[in-house]
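Asks: Below you will find the structure I want to go over with you.
The values are calculated or read from the model by the stated rules, or taken from the named source; none is laboratory data. Values in this document were obtained by computation on a predicted structure and should not be read as measured data. Neighbour counts run over all protein chains shown; Cβ positions are idealised from the backbone, glycine included. Note: accessible area is taken over every heavy atom of the protein model, side chains too, but ligands, DNA and RNA are not part of it. Shrake-Rupley method; radii C 1.70, N 1.55, O 1.52, S 1.80 Å.
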Amino acid sequence: MAAEKIENPDQLVVSDDPNHPANLIPSLCAKFWNLGWVTGTGGGCSIRDDDLVYLAPSGVQKELMKPADIYVLSLAAQEPTFKQRTYIRSPPIYKPSQCTPLFLAAFTRRGAGCCIHTHSQWAVLVTLLLESQGPGNDKVFEINNIEQIKGFGKGMNKTGNLGYHDTLRIPVIENTPHEEDLTEFLEEAMEKYPDTYAVLVRRHGVYVWGDNVHKAKTQCESLDYLFQLAVEMKKLGIPWISNVTPVGPQR
Ligand SMILES: CSCCC(=O)C(=O)COP(=O)(O)O
Ligand SMILES: [Zn+2]
């Protein structure tokens, strides 16, 4: 929908359709809260519908949000750096999520339709385990030969999903005192790892995106599964990368 055609911005967040972004963001965040992904107001989720981006408010209990709390902005109406953002629809008592510029990076640089930010303890623990391997900023979570890796797309402009023997790589960036300041590091990681659908933030959480809500959600679920598995593997002394020889026909 083009921004200039919108006469009543409040109508942008009113719909009977449960799959409308203004309904989906609250219902998804309620599910994510049950998984421990968005507790204590941390984390969140944003959805893009063509030019329109739907966002949660900042600092609210994400599992209790209502459609009327949702912000809407037009990508085409923003200045090129996205630093001074304007909103078509703003609920009166809130500020927009501090994650907004990171979500916008996923939408504009990856063409994502949905981006999820979790504070999952499994994600945080994986960054702590990588940190314990020694100094250096170039940290990457790598895992292979686990069935759930098939839950990930091969990358931007590529068709199909990773295979069981492929290695999934998720870059890690340093945390910053303010969420917005993560943006330049997230963008750098996207440049360096063009096929990644996620970026870990050290001692903080993870950003995961997908072409649409279904893909962002299932990739985020697969990743959380792999992070939990990786923590348990580490406790048992099992390496995340193994040299299992492929068996059966290779397609
Ligand atoms: C305890 S949450 C600290 C802020 C944060 O990391 C986050 O993801 C939530 O930001 P928002 O502005 O969406 O509340
Ligand atoms: Zn956060």
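Asks: Within the range 29-46, can you find the residues that are open to solvent by less than 10 Å² (accessible area, probe 1.4 Å) and either among the β-branched types (Val, Ile, Thr) or more than 11 Å from ligand 1 (Cβ to nearest atom) (or both)?
Replies: Residues satisfying the conditions are PHE32, VAL38.
Asks: Which one of these does PHE82 not meet: (1) open to solvent by 10 Å² or more (accessible area, probe 1.4 Å); (2) over 21 Å from ASP181 (Cβ atoms); (3) assigned to a loop (DSSP other than H, G, I, E, B); (4) hydrophobic (A, V, I, L, M, F, W, C)?
Replies: (2)
Asks: Of (1) in contact (Cβ under 8 Å) with a residue 24 or more places away in the chain; (2) farther than 18 Å from HIS117 by Cα, GLU180 satisfies all except one. Which?
Replies: Failing condition for GLU180: (2).
Asks: Moving to a separate point now. Could you please let me know if THR183 is surrounded by 14 or more Cβ atoms within 10 Å (Cβ to Cβ) and hydroxyl-bearing (Ser, Thr, Tyr)? If you could, list the steps in order and put the result at the bottom.
Replies: Working: surrounded by 14 or more Cβ atoms within 10 Å (Cβ to Cβ): yes; hydroxyl-bearing (Ser, Thr, Tyr): yes.
When the stated conditions are applied, THR183 passes them.
Asks: Let me ask another. Does the range 14-23 hold any residues that are in contact with a strand residue (DSSP E or B) (Cβ under 7 Å, 6 or more places away or on another chain) and surrounded by fewer than 22 Cβ atoms within 10 Å (Cβ to Cβ), and which are they? Outline the logic, then answer.
Replies: So in the range 14-23, the residues in contact with a strand residue (DSSP E or B) (Cβ under 7 Å, 6 or more places away or on another chain) come out as 21-22.
The answer is none; no residue qualifies.
Asks: Take the residues of the range 166-180 that are under 25 Å from ASN243 (Cβ atoms) and in contact with a helix residue (DSSP H, G or I) (Cβ under 9 Å, 6 or more places away or on another chain): which is nearest to ligand 1 (Cβ to nearest atom)? Write out each step before concluding.
Replies: Initial filter on the range 166-180 (under 25 Å from ASN243 (Cβ atoms)): 166-172.
Next, from what is left, pick out any that are in contact with a helix residue (DSSP H, G or I) (Cβ under 9 Å, 6 or more places away or on another chain): 166-168, 170-172.
Values: ASP166: 30, THR167: 28, LEU168: 24, ILE170: 18, PRO171: 18, VAL172: 16 Å.
So, considering only residues that are under 25 Å from ASN243 (Cβ atoms) and in contact with a helix residue (DSSP H, G or I) (Cβ under 9 Å, 6 or more places away or on another chain), the one nearest to ligand 1 (Cβ to nearest atom) is VAL172.
Asks: Does GLY44 satisfy being within 16 Å of ligand 2 (Cβ to nearest atom) and on the phi > 0 side of the Ramachandran plot? Lay out the reasoning, then the answer.
Replies: Details: within 16 Å of ligand 2 (Cβ to nearest atom): yes; on the phi > 0 side of the Ramachandran plot: yes.
Yes, satisfied.
A quick yes/no check of all residues on (1) within 14 Å of ligand 2 (Cβ to nearest atom); (2) farther than 30 Å from MET233 by Cα; (3) out of contact with any strand residue (DSSP E or B) (no Cβ under 7 Å at 6 or more places or on another chain):
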{"position": "ARG85", "(1), (2), (3)": "no, yes, no"}
{"position": "SER90", "(1), (2), (3)": "no, yes, no"}
{"position": "TYR94", "(1), (2), (3)": "no, yes, no"}
{"position": "PHE103", "(1), (2), (3)": "yes, yes, no"}
{"position": "ARG109", "(1), (2), (3)": "no, yes, yes"}
{"position": "HIS117", "(1), (2), (3)": "yes, no, no"}
{"position": "SER120", "(1), (2), (3)": "yes, no, no"}
{"position": "VAL126", "(1), (2), (3)": "no, no, no"}
{"position": "VAL140", "(1), (2), (3)": "no, no, no"}
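Asks: Turning to a different aspect of this structure: Just name the residue that is farthest from ligand 1 (Cβ to nearest atom) out of those in the range 94-105 that are touching a helix residue (DSSP H, G or I) at 6+ places or on another chain (Cβ under 9 Å) and open to solvent by 40 Å² or more (accessible area, probe 1.4 Å). Can you show your working first?
Replies: At the first step, the residues of the range 94-105 found to be touching a helix residue (DSSP H, G or I) at 6+ places or on another chain (Cβ under 9 Å) are 94, 97-102, 104-105.
From the residues that got through so far, the ones that are open to solvent by 40 Å² or more (accessible area, probe 1.4 Å) too are 94, 98.
Details: TYR94: 10, GLN98: 3 Å.
Per the stated criteria, the residue is TYR94.
Asks: Restricting attention to the range 106-151, which residues are in contact with a Ser or Thr (Cβ under 6 Å, 6 or more places away or on another chain), within 30 Å of GLN78 (Cβ to Cβ) and either part of a helix (DSSP H, G or I) or modelled with pLDDT under 95 (or both)?
Replies: Within the range 106-151, the subset in contact with a Ser or Thr (Cβ under 6 Å, 6 or more places away or on another chain) is 115, 142, 144-145, 148, 151.
Checking which are within 30 Å of GLN78 (Cβ to Cβ) leaves us with 115.
Listed by number, the list is empty, since nothing qualifies.
Asks: So if I check each of THR183, THR218, which one is part of a helix (DSSP H, G or I), of a type in the set (Val, Ile, Thr) and within 16 Å of ligand 1 (Cβ to nearest atom)?
Replies: Going through THR183, THR218 in turn, just one is part of a helix (DSSP H, G or I), of a type in the set (Val, Ile, Thr) and within 16 Å of ligand 1 (Cβ to nearest atom): THR183.
Asks: In the range 107-138, what residues are among the hydroxyl-bearing types (Ser, Thr, Tyr), more than 16 Å from ligand 1 (Cβ to nearest atom) and either open to solvent by less than 70 Å² (accessible area, probe 1.4 Å) or under 21 Å from LYS217 (Cα atoms) (or both)? Explain how you work it out, then say what you get.
Replies: Within the range 107-138, the first condition is being among the hydroxyl-bearing types (Ser, Thr, Tyr), and the residues that meet it are 108, 118, 120, 127, 132.
Going one step further and asking which of them are more than 16 Å from ligand 1 (Cβ to nearest atom), we end up with 108, 132.
Of everything in the range 107-138, just one residue is among the hydroxyl-bearing types (Ser, Thr, Tyr), more than 16 Å from ligand 1 (Cβ to nearest atom) and either open to solvent by less than 70 Å² (accessible area, probe 1.4 Å) or under 21 Å from LYS217 (Cα atoms) (or both), namely THR108.
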